[in-house]
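Beneath this line is the structure, given in structure tokens, with notes to follow.
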Amino acid sequence: MRIAVGGFQHETNTFAPSKADFAAFAQADSWPALQRGPTLLGAFTGMNIPVAGFIAAAQAAGHELVPLVWCSATPSAHVTEDAFERVMRMMLEELSDAGNLDAVYLDLHGAMVCEHFDDGEGEILARVRKAVGDKIPIVASLDLHANVTGKMIANSDALVAYRTYPHVDMAETGAKAAAHLDAIFGGLPRQAKALRKIDYLIPLTAQCTLTEPAAHLYHELGNYDGVVLGNGRVSTISFTTGFPPADFKDCGPSVIAYGDTEAAASEAADKIAAQVLASESRFREKLWHAREAVAYAIAGSAASGGPIVLADTQDNPGAGGNGDTVGVLAELLAQNAQRAALGVLFDPEAAAQAAEAGEGARLRLKLGAKTGGADEQPIDAEFEVVKITDGEFLATGPFYGGSHMSLGTTARLRNGGVEVVVASRKAQCADQQMLHHIGIDPANLAILVVKSSVHFRADFGPLAREVLVVESPGPNIADLTKLPYKHLRKGIRVMPEGEAFAG
């Protein structure tokens, strides 16, 4: 079969300080740069990313793939109107030139909000549907954090979401989307759809599928794959926990089910939704203030068994933070932490100054806190330049594994017993190579601070003696009651078992 393949990925934090312009999608960062046309099919080989899994599975099945456009940008505030329209213009031009197609596959996130409308993926799917007509199947993969909308459901034949957070099954999810298309080509009837919106928001750090209650809920999903319920078979079912810092009416968790009959899809969706609702009280966790977290980590730093890891979740570049707040770093320095490191701080200016000074130099820097992501001042201190790199390396962990990462000019700086990895491009610290490539072995640290919420657990989790989730300055607010929501749907609970949004 001839299948068009494309993707347009962005996770939008509407409270973040900076927007995603076209340049953010065009550049390489944690993932490849914008791909258009034939280069797309070879750009993702071996990567843990949905489009890579789809391409490998579809080619193995003998299908002819027609490349469109694929791009992604680091999570931030809204996608600019210019960026969205330029990418969609490219995608629709490629579709127009594609000739006869049997299907379309799209690698989407599911939580894109644009300057000119809230439902980015709904608009992408609607425009592609209009271009190819009602008879061509459209299947898309989604991130586990998708904020699913009715428009997304209406303009696609199936949406298949990840089942792990950290997202170690991204490529696997792309392969599942390919398998669903193969089932359609093999005679699977047009599937009935069921969407159930859950009436409470789940903080990102509580969504981790390595811990309860998410671990059990995602295990339960597997019990419904291919199951016959009543008079029909369930083909696929997903539970998306949502991306909570997105202030629009469809924000929040969802259950999506597809089946041969409306009754089968509805029964599966209802049963999983009931379990999600029953688990509400368990989706809460302790948040540490930076001062107490650092003090606790220092007190335990003499013990063996790997570092205590502090997750600087509110400045996570993977959730809209700029990666340059300094609340935790200030505490490390103030409390004279030893064998401690922080990664990765986004500060192109400081990285350039360190590179100019050269390895072995000592210089006074105003470090971090330059993008306005929090109400704080840069750290004004003297640092030793330990090492400089170009920030180019191959990621090897379960999340970023296979990706050729590009952090730009990167500096390893030291002040006393504290080291900081300072990069020229934003990326959440979710792969050990982000430290190894500049000479830091995280296994030998007593304290490790990562600007990440959960993805770090895939590669750093096995090293960690303990993990503390830290509430330090940044736009990815962990306690959702502190976000100034204005546009959520009336009645949704802003935190598990919390007060309902009044509208």
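Observations, loosely collected:
- Scanning region 328-356 for residues that are in contact with a Lys or Arg (Cβ under 9 Å, 6 or more places away or on another chain) and not aliphatic (A, V, I, L, M) yields a total of 7.
- One residue from ALA28, ALA52 being out of contact with any strand residue (DSSP E or B) (no Cβ under 7 Å at 6 or more places or on another chain) and farther than 20 Å from ARG127 by Cα: ALA52
- Hits in region 458-473 - residues which are crowded, with 23+ Cβ neighbours inside 10 Å and either basic (Lys, Arg) or within 14 Å of ALA443 (Cα to Cα) (or both): ASP459, PHE460
- Only listed residue being more than 21 Å from GLU471 (Cα to Cα) and polar (S, T, N, Q), chosen from SER301, SER235: SER235
- Complete set of residues in region 28-80 that are in contact with a Gly (Cβ under 6 Å, 6 or more places away or on another chain) and farther than 23 Å from ALA161 by Cβ: PRO67
- Test: residue in region 233-252 that is among the acidic types (Asp, Glu) and under 20 Å from THR12 (Cβ atoms): yes
- Residue count for region 273-284 under the criterion of being surrounded by 13 or more Cβ atoms within 10 Å (Cβ to Cβ), touching a Pro at 6+ places or on another chain (Cβ under 8 Å) and of a type outside the set (Lys, Arg): the result is 4.
- Candidate set from region 139-158 (those that are closer than 20 Å to SER96 by Cα and touching a helix residue (DSSP H, G or I) at 6+ places or on another chain (Cβ under 6 Å)); member that is surrounded by the most Cβ atoms within 10 Å (Cβ to Cβ): SER156
- Tallying residues that are outside any helix (DSSP H, G or I) and over 15 Å from the mean Cα position of the chain (by Cα) within region 312-329 yields 4.
- PRO75 more than 26 Å from PRO253 (Cα to Cα) and of a type outside the set (D, E, K, R): no
- Residue count for region 217-242 under the criterion of being under 23 Å from the mean Cα position of the chain (by Cα) and β-branched (Val, Ile, Thr): the result is 4.
- Checking each residue in region 1-54 for being among the β-branched types (Val, Ile, Thr) and more than 17 Å from the chain's Cα centre (by Cα) picks out ILE3, VAL5, THR39, THR45.
- Any hit, region 118-133, residues being without any contact (Cβ under 8 Å) to a residue 24 or more places away in the chain, surrounded by fewer than 24 Cβ atoms within 10 Å (Cβ to Cβ) and out of contact with any helix residue (DSSP H, G or I) (no Cβ under 7 Å at 6 or more places or on another chain): yes
- The residues in region 349-376 that are within 24 Å of GLY474 (Cβ to Cβ) and touching a strand residue (DSSP E or B) at 6+ places or on another chain (Cβ under 8 Å) can be counted, and the count is 10.
- Evaluated against (1) out of contact with any helix residue (DSSP H, G or I) (no Cβ under 6 Å at 6 or more places or on another chain); (2) buried (at least 24 other Cβ atoms within 10 Å of the Cβ); (3) part of a strand (DSSP E or B); (4) not small (Gly, Ala, Ser), LYS366 falls short on exactly one condition, (2).
- Residues in region 196-231 that are crowded, with 19+ Cβ neighbours inside 10 Å, hydrophobic (A, V, I, L, M, F, W, C) and closer than 19 Å to ALA158 by Cβ: LEU221, LEU229.
- Index of the failed condition, ARG163 passing every other in (1) under 21 Å from ASP225 (Cα atoms); (2) not in a loop (DSSP other than H, G, I, E, B): (2)
- For region 306-345, residues that are under 16 Å from LEU407 (Cβ atoms) and among the hydrophobic types (A, V, I, L, M, F, W, C) total 4.
- Enumerated strands (runs of 3 or more DSSP E) restricted to region 386-503, each holding at least 1 residues that are in contact (Cβ under 8 Å) with a residue 24 or more places away in the chain and among the aromatic types (Phe, Trp, Tyr): 392-394
- Any chance ALA264 is among the small types (Gly, Ala, Ser), in contact with a strand residue (DSSP E or B) (Cβ under 8 Å, 6 or more places away or on another chain) and farther than 20 Å from ARG457 by Cβ: yes
- Candidates TRP31, TRP70 - the one that is more than 30 Å from PRO473 (Cα to Cα) and either crowded, with 24+ Cβ neighbours inside 10 Å or among the aromatic types (Phe, Trp, Tyr) (or both): TRP70
- Taking the criterion of being within 22 Å of ALA177 (Cβ to Cβ) and either assigned by TED's automatic domain parsing to the domain that holds ALA146 or among the acidic types (Asp, Glu) (or both), the residues of region 205-249 that qualify are GLU220, ASP225.
- Subset of region 184-195 (residues that are under 20 Å from SER266 (Cβ atoms) and surrounded by fewer than 20 Cβ atoms within 10 Å (Cβ to Cβ)): LEU188, PRO189, ARG190, ALA192, LEU195
The values are calculated or read from the model by the stated rules, or taken from the named source; none is laboratory data. All values derive from a computational prediction rather than experimental measurement. Cβ: placed from backbone, ideal geometry, glycine included. Neighbour counts: every protein chain shown.
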